[in-house]
Amino acid sequence: MGVTSSARLKELALAHGFETVGVTPALPIEQAISAYRTWLKADYHGEMEYLARHELAKSDPKNLLPSAKAVIALTANYNQEPSNDPKVARYALGRDYHKVLMRAAQRLMKEAMADHEGAEWRVCVDSIPIFERAYANLAGLGWFGKNTMLIDSKRGSWFFIVLVLTSVEFAPDAPALGGCGNCRACIDACPTGAIVQLDGRWQVDSRRCISYQTIEKKGDMEVDTAGWLFGCDVCQEVCPFNQPRESQPDRAKQTTWKDFGRRAFPELNRIPVLTHEEWDRLTQGSAIRRSGYEGLKRNARASLSALPRPPD
Ligand code: B12
Ligand code: SF4
Ligand code: SF4
């Protein structure tokens, strides 16, 4: 079978709620492999041991789907008004994106593959070892900002990435081009100095990153979390590509995915005294569950102790 047009696939992807879609060949990406190795060697993954274990699997998409010919990259906008009490990163305000986007991508692929008898595919939503940003970059969906986020010049960076490996050889798109120029707003604004130069590239040292400390890290908190209960959005909030602009109507738009709408949270000072049942109800179907019951309470205590005290 020769190269297949991606026109219908793209039409369907937009109809299923994804904002952008692109295709790139299912080949190893040498620059990503080498950047990833350097990052691991510097211990920037902290205690996320699974990232080191995944180094080999990540080197070739055929390790994940032997028949893979193309990688389809999709984005889903999660932008909404920030939550300030408690401070929860925007991506985690609604329903757990892993589940929502896995379902949406499976529905899309069933429809898109109806005419491709015997076609195979595998959906990845931050769920299997693959360089999501690197493939999405080559598929034309965004470029790497100094904060390491994939940035779409027209839309900004408030989006999730979904990849689909497929045995159908869809026609590839051109990689996305762009850059930060002289801007360094995210580097200066990061409360913990987590965006650092490594081998000539800006990278995130997870050990210093509030997102890592409040979501992935077990045990004691090692940095001042600047009031964040779960995740951190500072390096995206300050980015000029995330500010509304008349000449860019798609920039900083609010999400249209109903599932990502904000759920109700108790105030920060209520969280350290939540019972297990209350925590269970609060976090069901939410990405916030990842930090665990003790982890969320630890985050709240750390945030409360970091808040400026009112004068006596
Ligand atoms: C581990 C991880 C983290 C860690 C480390 C983050 C980091 N910057 O490395 C922590 C816990 C800190 C984290 C935080 C967040 N994360 Co996170 N995370 C991941 C995960 C699972 C792996 C990332 C990774 O491998 N990092 C190591 C570095 C070295 O890899 P990388 O960032 O992919 O960088 C690549 C490029 O530099 C590339 N490269 C270098 N040179 C070249 C040249 C060319 C030509 C090419 C093609 C590529 C290339 O190679 C590198 C390796 O792929 C991905 C999902 C996935 N499977 O990819 C989500 C992911 C990156 N996270 C995501 C999100 C949303 C977040 C947060 C915003 C959540 C929050 N609000 O708290 C923050 C943002 C912090 C930040 N500034 O990055 C999204 C990002 C979407 C986007 N628009 O970019 C992802 C893609 C999940 C998803 N499916 O949507 N995350
Ligand atoms: S998520 Fe927060 S702590 Fe992590 S790099 Fe961005 S600004 Fe710094
Ligand atoms: S804030 Fe500036 S330096 Fe940082 S990613 Fe955005 S444009 Fe690049």
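Please verify whether segment 81-91 includes one or more residues that are within 25 Å of Ala174 (Cβ to Cβ) and in contact with a strand residue (DSSP E or B) (Cβ under 9 Å, 6 or more places away or on another chain). No, because not a single residue in segment 81-91 is within 25 Å of Ala174 (Cβ to Cβ) and in contact with a strand residue (DSSP E or B) (Cβ under 9 Å, 6 or more places away or on another chain).
Would you check if Ala57 is touching a residue at least 40 places away in the same chain (Cβ under 8 Å), assigned to a helix (DSSP H, G or I) and in contact with a helix residue (DSSP H, G or I) (Cβ under 7 Å, 6 or more places away or on another chain)? Taking the combined requirement at face value, the residue satisfies it. Of the residues Arg155, Arg133, the single one that is closer than 29 Å to Gly285 by Cα and either buried (at least 22 other Cβ atoms within 10 Å of the Cβ) or more than 16 Å from ligand 2 (Cβ to nearest atom) (or both) is Arg155.
Of all residues in segment 74-131, exactly one satisfies the criterion of being free of Cβ contacts under 8 Å to residues at least 12 places away in the same chain and within 24 Å of Asp152 (Cβ to Cβ), namely Arg103. Number of residues in segment 143-175 that are within 16 Å of ligand 3 (Cβ to nearest atom), within 30 Å of His116 (Cβ to Cβ) and without any contact (Cβ under 8 Å) to a residue 40 or more places away in the chain equals 1. Scanning segment 80-94 for residues that are assigned to a loop (DSSP other than H, G, I, E, B) and surrounded by fewer than 21 Cβ atoms within 10 Å (Cβ to Cβ), we see that the one that is modelled with the lowest pLDDT is Asp85.
Given the condition more than 25 Å from Pro61 (Cα to Cα) and in a loop (DSSP other than H, G, I, E, B), answer yes or no: does some residue in segment 158-174 qualify?
As a first pass, look at segment 158-174 and keep what is more than 25 Å from Pro61 (Cα to Cα): 158.
Applying the additional criterion that residues be in a loop (DSSP other than H, G, I, E, B) yields 158.
Yes, there is a match, as at least one residue in segment 158-174 is more than 25 Å from Pro61 (Cα to Cα) and in a loop (DSSP other than H, G, I, E, B).
Annotation note: Cβ proximity below 8 Å between a residue of segment 188-210 that is on the phi < 0 side of the Ramachandran plot and aromatic (Phe, Trp, Tyr) and a residue that is surrounded by 14 or more Cβ atoms within 10 Å (Cβ to Cβ) and outside any loop (DSSP other than H, G, I, E, B) (sequence gap 6+ or interchain) occurs for Trp202/Ile187; Trp202/Ile195; Trp202/Val196.
Please go through segment 267-303 and pick out each residue that is more than 16 Å from Gly231 (Cα to Cα) and touching a residue at least 24 places away in the same chain (Cβ under 8 Å). Scanning segment 267-303 gives Glu267, Asn269, Pro272, Gly285.
Filter segment 220-246 for residues that are of a type in the set (A, V, I, L, M, F, W, C) and more than 9 Å from ligand 2 (Cβ to nearest atom) and give the result.
Taking segment 220-246 and keeping what is of a type in the set (A, V, I, L, M, F, W, C), we get 221, 223, 226, 228-230, 232, 234-235, 238-239, 241.
Across segment 220-246, the qualifying residues are Met221, Leu229, Phe230, Cys239, Phe241.
Looking only at residues of segment 158-190 that are surrounded by 19 or more Cβ atoms within 10 Å (Cβ to Cβ) and among the small types (Gly, Ala, Ser), we find that the one that is nearest to Asn77 (Cα to Cα) is Ala176. Can you name the residue in segment 198-244 that is more than 15 Å from the chain's Cα centre (by Cα) and among the hydroxyl-bearing types (Ser, Thr, Tyr) and, of all such residues, is farthest from ligand 1 (Cβ to nearest atom)? Ranking the qualifying residues of segment 198-244, first place goes to Thr225.
Residue-wise test of (1) in a helix (DSSP H, G or I); (2) in contact with a helix residue (DSSP H, G or I) (Cβ under 7 Å, 6 or more places away or on another chain).
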site: Phe18; (1), (2): no, no
site: Val21; (1), (2): no, yes
site: Pro28; (1), (2): no, no
site: Ala32; (1), (2): yes, yes
site: Ala35; (1), (2): yes, no
site: Thr38; (1), (2): yes, no
site: Gly46; (1), (2): no, yes
site: Leu65; (1), (2): no, no
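The values are calculated or read from the model by the stated rules, or taken from the named source; none is laboratory data. Keep in mind it's a predicted model, so treat the numbers as computed, not measured. Positions of Cβ are backbone-derived with ideal geometry, glycine not excepted, and every protein chain shown enters the neighbour counts.
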